[in-house]
Amino acid sequence: MALREILHYPEPLLKQKSVTVTDFNDDLKQLAADMVETMYDAPGVGLAAPQVGVLQRLIILDCSSKDEPDDLLVAVNPEIIGGEGDSLEEEGCLSVPGYWANVKRRATATLRYQDTEGNFCEREAGGLLAIGMQHEIDHLEGILFVDRLSPLKRSIFRKKYMKMLQEKEAENGST
Ligand code: NI
């Protein structure tokens, strides 16, 4: 297993659509294992393949809290096939470090996906996991959570974030 580099906004690859996985081969299993290691190392609760530069429809999630056992979900070709209610919760993203914002989502979600062997599975969720499923599937469509903010909030985000990036570069330049 190996840690993979997580791409950060405004990396153009994060805006691209990922392709359906058709080969359930060793490369896919290796990618999934690397993503799991990378997510736990970050640490984060979810990661999508495009965030590590691979445009394939694969997401992973573990929204268990610290005092609960791990609840790892590895989902290939994931699709939301049901869900209801509304939620407005604060989200962040490993590809948008240092920024959090409230995003409107469905409160519950039913996920249909394949495991890394190609078997079809379903999982119903509420709470953080339901939100995570929607957030990670958005990545496969080239959509980041900041793209779901109102135009005003999005422009405030861009200014803040770009300023933060410039400050970081200036720091790195001086050391
Ligand atoms: Ni994300």
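FYI, it's all coordinate maths here, none of it is from the lab. In this text, all values refer to a predicted model and were calculated from it rather than measured experimentally. Note: ideal-geometry Cβ built from the backbone for every residue, glycine included; neighbour counts use all protein chains shown.
As a ratio to 2.2 N^0.38 Å, the alpha-carbon radius of gyration for the range 7-89 is 1.18.
Helix 26-41 and the longest principal axis of the C-alpha atoms of the chain enclose an angle of approximately 50°.
A DSSP coil position with no more than 12 other Cβ atoms inside 10 Å describes the following chymotrypsin sites (Phe, Trp or Tyr not before Pro) in the range 1-106: 100. What's the lysine pair count for the chain at a Cα cut-off below 27 Å, pairs eight or more apart or interchain? Lysine pairs meeting the criterion: 22. Legend: Rg and Dmax of the chain, from Cα coordinates, 16.3, 52 Å.
Mind giving me the FRET efficiency for residue 100 and residue 5? R0 is 22 Å, r the Cβ-Cβ distance, nearest 0.05 is fine. Working from the Cβ atoms, E equals 0.50.
The long axis of helix 127-140 is offset from the longest Cα principal axis of the chain by roughly 80 degrees. Just add up the charged neighbours of residue 80: K/R +1, D/E -1, any other residue whose Cβ is under 12 Å from the Cβ of residue 80. So the environment of residue 80 carries a net charge of -3. Counted by Cβ distance under 11 Å from residue 3, the other residues give a net charge of -3, where Lys and Arg count +1 and Asp and Glu count -1. Fully extending the segment from residue 15 to residue 67, taken as 0.36 nm per residue of separation minus the present Cα-Cα distance, adds 15.2 nm. Taking a point 7 Å out from the Cα of residue 150 in the direction of its Cβ, the residues of the range 72-93 whose backbone N falls within less than 16 Å of it are 88-89.
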